[in-house]
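What follows is a short report on a single structure.
Derivation of every value follows stated rules applied to the coordinates shown; laboratory data play no part. Note that the structure is predicted; figures quoted are calculated from it, not measured. Cβ sites come from the backbone with ideal geometry, for glycine too, and all protein chains shown count toward neighbours.
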Amino acid sequence: MKKPRLVAPSLVDKLVGVFSPAAQLRRQVARTALASANGGYVGGKRDRRSLQNFLPDGGSANADTSPDLPTLRARSRDLRRNTPIATGAIATRITNIIGEGLRVLPQIDGEALGLDKKAARAWNKKARTEFALASWTADFTGVHSFEELQALVFGSADESGDVLVIRRYRKDPNDTYGTKLQVIEADRLSNPNNRMDSDTVVGGVETSPEGVVLAYHISDRHPGDVFRKAMSWRRVPAHYNDGRPICLHLFKRLRPDQARGVPFLAPVIEAIKQLGTYSEAEIEAAVLAAFFTVFVKTPDGPRRATRLDRRGRQVRQRDDRAR
């Protein structure tokens, strides 16, 4: 183990060393030990006034997020519905990233597949055509186009923290392909019978002891549904036996081993709520100021109407002769 070097002597140390070199050495040794105990980062020191009460728990990724997720989702959705700042933030992200929808542009390596350029271009064109046919009826509910599904999935991931997409098969009349996508809201991905998290199942995500995702547990309805019936859960494997994916769990993993995503607005929920309240108060004050009028009668007869703002200052003044 490498021994720490003595800290550089201060002016006081040098002054003490003039009279007693041993005392100077003891001072430097003590200050070196103190610096090593406090760490090398200012943010890790505990003797600073601004950090004395800043002692957060060092929990795991799931321990720090899972207990707060239901509240964070509910607040994030409320802000998106009722606060223009939050609504605009998520809408802007959807517009800038998804736009009118992401398109497939296949560019195969014809040389690696033994195809000439003409055959490679023909394959790319056919792939685009076939994908367009499949995406036209991709929504399992039959409501959205593929482009609308992209916006729905992206917005749901921002709003709730994550979203689950399951590959299903149902070939309806006039369908060219039967492969469809079912979007599952984050609340339906949960532990069976609302049990506590375990070593292998966290927030409905089942993993192996090594952390490999094996399956997802999905309830048959949203826990906040008005129909208070008994809920049941279905275990959906993450992949087929041949390795093809069945489920696509969309979320931004911020820490290793994190099982569930955190809403995009989570770090700024309090700030956005306060800004929304402030904006409402300013608008209400402006409306009230527009109707706040005081009439003053003068001794010589004219009646003067004085408009005041919310601070009592005169904004506009006119004379109205009494008839």
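Remarks
- Rounded, prolate or oblate (a/c below 1.5 giving rounded, otherwise prolate when a/b exceeds b/c) for the chain by Cα gyration tensor: oblate
- Rounded to the nearest Hz, the phi-derived 3J(HN,Hα) couplings of the range 19-32 under the Karplus curve 6.51 cos²θ - 1.76 cosθ + 1.60 (θ = phi - 60°) are 9, 8, x, 5, 5, 4, 5, 4, 5, 5, 5, 5, 5, 5, where x marks glycine and proline.
- Farthest positive-ward along the chain dipole, Cα basis, beta-carbon charges - from GLY178, SER279, LEU105: SER279
- Order by protection proxy (mean Cβ within 10 Å, highest first), peptides 277-283, 85-91: 85-91, 277-283
- Charge dipole magnitude, Cβ of K and R +1, D and E -1 - the chain, Cα centre, debye nearest 20: 1340 debye
- Charge dipole (the chain, unit charges on Cβ, about Cα centre) - positive-most of ALA89, HIS239, ALA134: ALA89
- The simple spin-label model puts a point 7 Å past each Cα toward its Cβ; for VAL104 and LYS126 those points are separated by 1.4 nm.
- Measuring between their Cα centroids, the range 79-151 and the range 208-264 lie 23 Å from each other.
- Rounded if a/c under 1.5, otherwise prolate or oblate - the range 148-222, Cα gyration tensor axes: prolate
- Residue exposure proxy: HIS222, HIS144, ordered by other Cβ atoms within 10 angstrom of their Cβ from fewest to most, comes out as HIS222, HIS144.
- In this structure the amide hydrogen of LEU181, modeled in the peptide plane, comes within under 5 Å of the amide hydrogens of ASP139, PHE140, ARG168, none closer than 5 places in sequence on its chain.
- Note on TRP136/ALA74: beta-carbon distance plugged into 1/(1 + (r/R0)^6) with R0 of 45 Å gives a FRET efficiency of 0.80.
- Estimated from helices alone, the mean residue ellipticity of the chain at 222 nm is -12000 deg cm²/dmol (sum of -39500 (n - 2.57) over DSSP H runs with n ≥ 4, per residue).
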